[in-house]
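What follows is a single structure, written as structure tokens, with notes after it.
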Amino acid sequence: MMTSRQRFLSVLNGEQPDRPPIFANLTPQAAEKLSNAVGVHYEPPVDSMLSTRISHPNLLTTLGNDCVGIAANAPDDFPTRTLTNGLIENEWGMKFKNVGLYNEFAEFPLAHAENAVDIENYNFPDPFAAGRYRSALETNEKYGDTHGIIADLETSFFETAWYLVGLEKLLMDMMAGADYVPVLFDKIMGINIDIGKKLIEIGADMIWCGDDFGSQDGMLISPELWRELFKPRIKYMFEHFKSVNPDVKLAWHSCGSIVPIIPDFIDIGLEVLNPLQPLAKSMDPDFIKSNFGKDLIFFGGIDIQELLPHATPEQIHAEVSHISKILGKNGGYIIAPAHNIQDDTPVENVLAFFEAAKRPPQKAS
């Protein structure tokens, strides 16, 4: 039987593993319930914009994850903090309101942006601030010899931009050609290129970039505008990451239906596509595997909208086996929920997912 790291690397190298490697993530509430249920000490979330992707590694590897996530965390001089008015502020200046399960945006610090000067005058985070890579270094030291290491760089520039500006304003200003938009994209992209290169140097086997470009039914923006604003920038990022380590694998996360731009991603060197949201239009596994399986490794594909929270454990076993059989045919599949497992998912269903995922898949008929 393969080790977790062997299993993950075999998929990245185009080989057929004994079973698809697993990489699931949890919301903090789901992690705490699972920790109590299986008798594992609850690990508090890491202070990071990408906290859910890199937190709770002991619990998740105990359950069956073959990979662990690393990312940049908040620096020593600017941890995420609660202000006197109750709002939560991070180092980017974004402010949130705690509404229970999630924090919702309360203030967008660049909502006033109208021109390039507004961006140039803003105080952006330092990618090399003291303490920035503490959690990544510790995680790699603990798990790097035994598990796959995935460097998370989601919200690569589009999502972070709208977190700063507001989604409606950014989309309108993109269409109108506001001159601050490319300046903002390039500033965020430059920060994340520096972060990504450092995470690769630390030991990442795969760098998991991402921005959501799709909705349940189609693209959030036109493919033509995407090719103008995003494709060349993503290509530029990919080139920088490969310059650090030509063997690092390039992954991209985009929720929703993004079929029109998958060939564009392949054209600029994408190797791993995530999350394959199965209920989104045209993202069903048979279609994706048959049309793009020769060019891409698939990462995700297990529904969190209906299957994991509402199905029986028996139904979860059957569906996980079905998806693994399709996407894992001839290798090329990292099995994962299509997003973080949410607090509405019963503990027995999470355990059923891991039990099913750890079984070698049957051959596709």
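The values are calculated or read from the model by the stated rules, or taken from the named source; none is laboratory data. Note that the structure is a prediction, hence the values are computed from the model and not measured. Positions of Cβ are generated from backbone atoms using ideal geometry, with glycine treated the same way; all protein chains shown enter the neighbour counts.
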- For segment 85-115, which residues satisfy the criterion of being closer than 18 Å to L184 by Cβ and either surrounded by fewer than 16 Cβ atoms within 10 Å (Cβ to Cβ) or in contact with a Pro (Cβ under 7 Å, 6 or more places away or on another chain) (or both)? E91, W92, G93, M94, F105, E107, A111, H112, E114, N115
- Query: Which strands (runs of 3 or more DSSP E) sit wholly inside segment 239-337 and have at least 1 residues that are more than 25 Å from A352 (Cα to Cα), in contact with a helix residue (DSSP H, G or I) (Cβ under 7 Å, 6 or more places away or on another chain) and of a type in the set (F, W, Y)?
  - Reply: 249-253
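To keep it simple, each residue is scored yes or no on (1) among the hydroxyl-bearing types (S, T, Y); (2) over 27 Å from Q305 (Cβ atoms); (3) within 19 Å of the chain's Cα centre (by Cα); (4) crowded, with 21+ Cβ neighbours inside 10 Å.
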residue	(1), (2), (3), (4)
G203	no, yes, yes, no
F213	no, no, yes, yes
P223	no, no, no, no
K231	no, yes, yes, no
M237	no, yes, yes, yes
W252	no, no, yes, yes
C255	no, no, yes, yes
I262	no, no, yes, no
D267	no, yes, no, no
- Task: Give the number of residues within segment 81-114 that are at pLDDT below 95, hydrophobic (A, V, I, L, M, F, W, C) and over 19 Å from G166 (Cβ atoms).
- Result: 1
- Please go through segment 8-37 and pick out each residue that is outside any helix (DSSP H, G or I), in contact with a Ser or Thr (Cβ under 8 Å, 6 or more places away or on another chain) and closer than 19 Å to V350 by Cβ. R19, P20, P21, N25, L26, T27
- Message: Being under 22 Å from the mean Cα position of the chain (by Cα) and without any contact (Cβ under 8 Å) to a residue 12 or more places away in the chain is the filter here; which residues of segment 7-42 pass it?
- Response: N13, E32
- Message: Going residue by residue through segment 308-328, is there one that turns out to be touching a Ser or Thr at 6+ places or on another chain (Cβ under 7 Å) and under 19 Å from G64 (Cα atoms)?
- Response: yes
- Out of curiosity, is I119 within 29 Å of M174 (Cα to Cα) and among the aliphatic types (A, V, I, L, M)? yes
- Query: Which of the following residues is part of a strand (DSSP E or B), among the hydrophobic types (A, V, I, L, M, F, W, C) and more than 18 Å from T160 (Cα to Cα): V68, V40?
  - Reply: V68
- Query: Going through segment 194-238 one residue at a time, which ones are part of a loop (DSSP other than H, G, I, E, B), hydrophobic (A, V, I, L, M, F, W, C) and more than 19 Å from E159 (Cα to Cα)?
  - Reply: A204
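This table checks each residue for (1) assigned to a loop (DSSP other than H, G, I, E, B); (2) touching a residue at least 60 places away in the same chain (Cβ under 8 Å); (3) over 19 Å from P45 (Cα atoms); (4) out of contact with any strand residue (DSSP E or B) (no Cβ under 7 Å at 6 or more places or on another chain).
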{"residue": "A129", "(1), (2), (3), (4)": "yes, no, yes, yes"}
{"residue": "L137", "(1), (2), (3), (4)": "no, yes, no, yes"}
{"residue": "K142", "(1), (2), (3), (4)": "no, yes, no, yes"}
{"residue": "L153", "(1), (2), (3), (4)": "no, yes, no, no"}
{"residue": "L171", "(1), (2), (3), (4)": "no, no, yes, yes"}
{"residue": "M174", "(1), (2), (3), (4)": "no, no, yes, yes"}
{"residue": "A178", "(1), (2), (3), (4)": "yes, yes, yes, yes"}
{"residue": "D186", "(1), (2), (3), (4)": "no, no, yes, yes"}
- Qualifying residue in segment 309-330 (condition: out of contact with any Pro (no Cβ under 6 Å at 6 or more places or on another chain), among the polar types (S, T, N, Q) and modelled with pLDDT under 95): yes
- Message: Exactly one of these conditions fails for L170: (1) within 24 Å of I54 (Cβ to Cβ); (2) surrounded by 20 or more Cβ atoms within 10 Å (Cβ to Cβ); (3) not aromatic (F, W, Y). Give me its number.
- Response: (1)
